[in-house]
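This report concerns only the one structure given below.
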Amino acid sequence: MLTDPLAATMRIASSGLQAQGTRLRVVAENIANSDSTALTAGGDPYRRKTVSFDTAMDRAAGSEIVKVKQIGRDRSDFQLVYEPSHPAADEKGYVKRPNVQPLIEMMDMREASRSFEASVNVIEQTRSMMGRMIDLLRG
């Protein structure tokens, strides 16, 4: 069938949209919680989330597609800030701050956004090609 390669292209690009959409959601969550602290004294604050990707064989597309393998946790150390009056301060007066670095999150967001945009462009071009092919077959 003539549209199989185009349909496969749409499926592949759609998988990229889904994967990068998940990545954008996780980055937004990290940024939103970058100042969150524990609710109890000495407790752990929000821990940065990470996204891992993998490939999977899509039989309908006849090709590999991208998928989210795992949403994990960044095991790097928390920042310790001396704030003895803070409700989350430990017995020494230190508060654990999230291991989220806004600059890194913004770079991740920019990269994910560009990948998302590239997938959208592929879908738009493929739809345009499908429309032209239908016009050619009609006429």
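The values are calculated or read from the model by the stated rules, or taken from the named source; none is laboratory data. Note that the structure is predicted; figures quoted are calculated from it, not measured. Here the Cβ positions follow ideal geometry from the backbone for every residue, glycine too, while neighbour counts run over all protein chains shown. Calculation scope for accessible area: heavy atoms of the full protein, side chains included, ligands and nucleic acids excluded. Shrake-Rupley method; radii C 1.70, N 1.55, O 1.52, S 1.80 Å.
The number of residues in the stretch 82-96 that are in a loop (DSSP other than H, G, I, E, B), under 24 Å from ARG48 (Cα atoms) and touching a residue at least 12 places away in the same chain (Cβ under 8 Å) comes to 6. Determine whether GLY139 is small (Gly, Ala, Ser), open to solvent by 90 Å² or more (accessible area, probe 1.4 Å) and farther than 22 Å from GLN20 by Cα. The answer is yes for GLY139.
Taking the stretch 97-136, which residues are among the β-branched types (Val, Ile, Thr) and either over 18 Å from the mean Cα position of the chain (by Cα) or part of a helix (DSSP H, G or I) (or both)? Of everything in the stretch 97-136, those that are among the β-branched types (Val, Ile, Thr) and either over 18 Å from the mean Cα position of the chain (by Cα) or part of a helix (DSSP H, G or I) (or both) turn out to be ILE104, VAL120, VAL122, ILE123, THR126, ILE134. Just one of the listed residues (SER113, SER63, SER128, SER119) is hydroxyl-bearing (Ser, Thr, Tyr), loosely packed, with under 15 Cβ neighbours inside 10 Å, closer than 19 Å to ALA19 by Cα and out of contact with any Pro (no Cβ under 8 Å at 6 or more places or on another chain), and it is SER113. I need the full set of residues from the stretch 74-99 which are among the small types (Gly, Ala, Ser) and either open to solvent by 70 Å² or more (accessible area, probe 1.4 Å) or touching a His at 6+ places or on another chain (Cβ under 7 Å) (or both), in order please. SER85, the sole residue that qualifies.
Of the residues in the stretch 3-19, at least one is in contact with a Gly (Cβ under 6 Å, 6 or more places away or on another chain), at pLDDT below 95 and more than 21 Å from MET109 (Cα to Cα).
The set of residues in the stretch 16-41 being touching a Lys or Arg at 6+ places or on another chain (Cβ under 8 Å), open to solvent by 30 Å² or more (accessible area, probe 1.4 Å) and within 19 Å of VAL95 (Cβ to Cβ) consists of ASP35, THR37. Summed over the stretch 1-58, the residues that are of a type in the set (Gly, Ala, Ser) and either closer than 22 Å to LYS69 by Cβ or not in a loop (DSSP other than H, G, I, E, B) (or both) give a count of 12.
For ASP44, are the conditions met, namely being in contact with a strand residue (DSSP E or B) (Cβ under 8 Å, 6 or more places away or on another chain) and open to solvent by 40 Å² or more (accessible area, probe 1.4 Å)? Considered against the rule, which asks whether it is in contact with a strand residue (DSSP E or B) (Cβ under 8 Å, 6 or more places away or on another chain) and open to solvent by 40 Å² or more (accessible area, probe 1.4 Å), ASP44 comes out as yes.
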